[in-house]
1. Rolling a 1.4 angstrom probe over the protein chains, ignoring ligands and nucleic acids, what is the accessible area of Phe79 in square angstrom, nearest 10?
2. What distance in nm separates the simple spin-label points at Glu192 and Glu444, each placed 7 Å from Cα in the Cβ direction?
3. Could you grab the relative contact order for the chain? Cα pairs under 8 Å, six or more apart, rounded to a whole percent.
4. What is the distance, in nm, between label points placed 7 Å from the Cα along the Cα-to-Cβ direction at Val180 and at Phe365?
5. Under a 1.4 Å probe, what is the accessible area of the chain per residue, stated in Å²?
6. Relative contact order of the range 1-94, please, whole-number percent, based on alpha carbon pairs below 8 angstrom and at least 6 residues apart.
7. If you plug each phi of the range 232-246 into the Karplus form 6.51 cos²θ - 1.76 cosθ + 1.60 with θ = phi - 60°, what whole-Hz ³J(HN,Hα) values come out, in order, with x for Gly and Pro?
8. Taking the alpha-carbon centroid of each part, what is the distance from the range 219-254 to the range 389-459 in angstrom?
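The values are calculated or read from the model by the stated rules, or taken from the named source; none is laboratory data. Since the structure is predicted, the reported quantities are computational estimates derived from the model, not experimental observations. Glycine also receives a Cβ, built like all others from the backbone with ideal geometry; neighbour counts cover every protein chain displayed. In case anyone asks, the SASA skips ligands and DNA or RNA and just uses the protein heavy atoms, side chains included. Shrake-Rupley method; radii C 1.70, N 1.55, O 1.52, S 1.80 Å.
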Amino acid sequence: SPSRPSVIIVGAGISGIAAAKVLAENGIEDLVILEASDRVGGRIRKESFGGVSVELGAGWIAGVGGPQPNPVWELGVQFGLRTCFSDYSNARYNIYDRSGNIIPSGIAADSYKKAVDSAIEKLRKLEEEEATAYGDDHSNNIKNNETKPPSTPETPIELAIDFILHDFEMAEVEPISTYVDFGEREYFVADERGYDYLLYKMAEEFLFTSKGRILDNRLKLNKVVRELQYSKSGVTVKTEDGCVYETNYVILSVSIGVLQSDLLAFNPPLPGWKLQAIDKCDVMVYTKIFLKFPYKFWPSGPEKEFFIYAHERRGYYTFWQHMENAYPGSNILVVTLTNGESKRVEAQLDEETLREAMAALRDMFGSNIPDAIDILVPRWWNNRFQRGSYSNYPIISNHKVFHDIKAPVGRIFFTGEHTSERFNGYVHGGYLAGIDTSKALLEEMRKEKESQTLLLEPL
Ligand code: FAD
């Protein structure tokens, strides 16, 4: 549009949509949302597979039933999102070895306890090192005391438990804010309309929609932002297709992986403190591979929802879920890979991945099981608009890193799950970050307006 919008929001994931909604509610309606892909939702993304709607990105509303209400859970309730309770804690009792035997629960429980103890030990060591680095005398005292070296996982079962403990949840090792604040329950989203229905319902409140579609021209899809040129007076935003937008402020909601990549050029370049902070945050890759079968051959029932394959290679097709609770009769299994295994699988043909997954399943359930008839392998790492699944801050990271990642640079305000100190990595982290950033921007706009009126007032 020829007029200059007050704010441009880059990215239409949960944080971008939440940020836009708060601005609109506060009277800033001349905003534009530029989204690189052809859809709203970002890392919340459904796809139809094997006759049902599966979630390639966020799948759970995590943190329910605690002292404070999880805002995303509240949105789900408000908009009637269909969910199923998931109990991860059973997984440790459904561990298969490579000969298809279930590890007896006593042995599994012992190995689990050993892994938790060792992880706590490791964390202590890191804390000591950190404290020593900051010249804390007290830590030297601890250090002088003999602490036994943490054991490293070696056997397939130890490796499997280490994997689920570290790559999934660490609540036993250190408190996770999501569970502390919102509760320990997790609900699997099983709604044909998708998890992104929540975003659509939010958008409906401030954008023009019709028959389930957003038709407002303030939302611009397929607009890949490549350059942000900023000065004291405003920001010029340039997209890959040659469009140029002028605005007063930008809210940038792209992922930490995108910030670490060279997709976006900043002019002038971002200051050193910002680049250093961006660099300190790791990116987690988390891949859910969906497999469709002609019939069910795995044990079902809620307590069997998750099962584990103990292989001598850590993270090799370790974590499995059946979808019978969410979609009975769908005959779909999901196996989750992370980091190195995710990248390896993203780089190979899906047929190869199917062959590997089938070999793992045949180890567990015997050679007579049927072949999968379809496979779906999301590629979050190779997606240049994502570059990974979610932010993963080092276990011990200081407040300054979060502060710097979130801090505005001139007229560019940062948001996204990675800017949420308490809830990074989650949908509610993205949602709350979007609200936070907009509030900070509104405050800035108020101040700017105030100083302008002061200048205009006759002496
Ligand atoms: P995004 O959703 O990434 O939004 C950013 C948007 O910016 C995207 O739409 C992107 O296309 C766009 N963009 C990027 N570059 C540009 C550009 N140059 N120009 C214009 N637009 C651009 N969370 C949970 O709570 N529960 C879960 O069970 C869960 N599981 C997950 C599983 C997977 C596989 C993944 C990937 C994530 C999972 N998460 C989960 C995390 C959750 O999905 C994210 O924390 C959240 O959706 C992030 O929202 P966001 O708005 O910060 O970022």
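1. We get 30 Å² for Phe79.
2. 4.4 nm
3. RCO, the chain: 24 percent.
4. 4.1 nm
5. Working: 20880 Å² over 459 residues.
Heavy-atom SASA per residue in the chain reads 45 Å².
6. 20 percent
7. 5, 9, x, 10, 9, 10, 10, 10, 4, 8, x, 7, 10, 10, 9
8. 18 Å
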